[in-house]
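The values are calculated or read from the model by the stated rules, or taken from the named source; none is laboratory data. Owing to the predicted nature of the structure, the values given are computational and were not obtained by experimental measurement. Glycine gets a Cβ as well: all are built from the backbone with ideal geometry, and neighbour counts include every protein chain shown. Note: accessible area is taken over every heavy atom of the protein model, side chains too, but ligands, DNA and RNA are not part of it. Shrake-Rupley method; radii C 1.70, N 1.55, O 1.52, S 1.80 Å.
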Amino acid sequence: CDGAERIATFLDGHPGVVEVMYPGLASHPQHELARRQMARPGAMLSFRVRGGAAAADRVASGTRLFARATSLGGVESLIEHRAPVEGPDTATPDDLLRVSVGIEHPDDLVADLERALAAAGG
């Protein structure tokens, strides 16, 4: 949870990110509900990358510490660009990336995402 909170906070202020979906952020629509129901907001989050599907793919491909995966949840940090997996009729935004934060140091994960977002043009 510490790592996910750190990453969500970093992404929430990044110019290359359109939106962060993480109930631990005060900006999340269900933040107050999550705060009442959960001791911690969890280790999963999603974010939308400025620049559409191509930029999202560049970010997901550009990370070095995050493994690309369609199944989230393990001790390693994972990243997934979901819309291409679901196909053309999906309701999932094409710029959305899902992240499952593992046990790597949060500073290293933030640096990895920062580098990937910069390389993707964000």
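Here are some notes:
- Top-ranked residue in the range 100-116 [being of a type in the set (A, V, I, L, M, F, W, C) and modelled with pLDDT of 95 or more; ranked as most open to solvent (accessible area, probe 1.4 Å)]: Ala111
- None of Gly13, Gly74, Gly42, Gly62 is closer than 21 Å to Leu117 by Cα, in contact (Cβ under 8 Å) with a residue 24 or more places away in the chain and not charged (D, E, K, R) except Gly62.
- Note on the range 91-114: residues that are more than 17 Å from Glu5 (Cβ to Cβ) and touching a Lys or Arg at 6+ places or on another chain (Cβ under 8 Å) amount to 5.
- Selection count, the range 76-105, where residues are in contact with an Asp or Glu (Cβ under 9 Å, 6 or more places away or on another chain), hydrophobic (A, V, I, L, M, F, W, C) and farther than 17 Å from Phe10 by Cα: 2
- Selection within the range 45-89: residues that are of a type in the set (A, V, I, L, M) and more than 22 Å from Ala120 (Cα to Cα). The member of this set that is surrounded by the most Cβ atoms within 10 Å (Cβ to Cβ) is Leu72.
- If you go through the range 9-30 and keep only what is out of contact with any Lys or Arg (no Cβ under 6 Å at 6 or more places or on another chain), within 13 Å of Val49 (Cα to Cα) and surrounded by 16 or more Cβ atoms within 10 Å (Cβ to Cβ), you end up with Leu11, Asp12, His14, Val17, Val20, Met21.
- Qualifying positions in the range 101-122 - part of a helix (DSSP H, G or I), aliphatic (A, V, I, L, M) and touching a residue at least 12 places away in the same chain (Cβ under 8 Å): Leu109, Val110, Leu113, Ala116, Leu117, Ala118, Ala119
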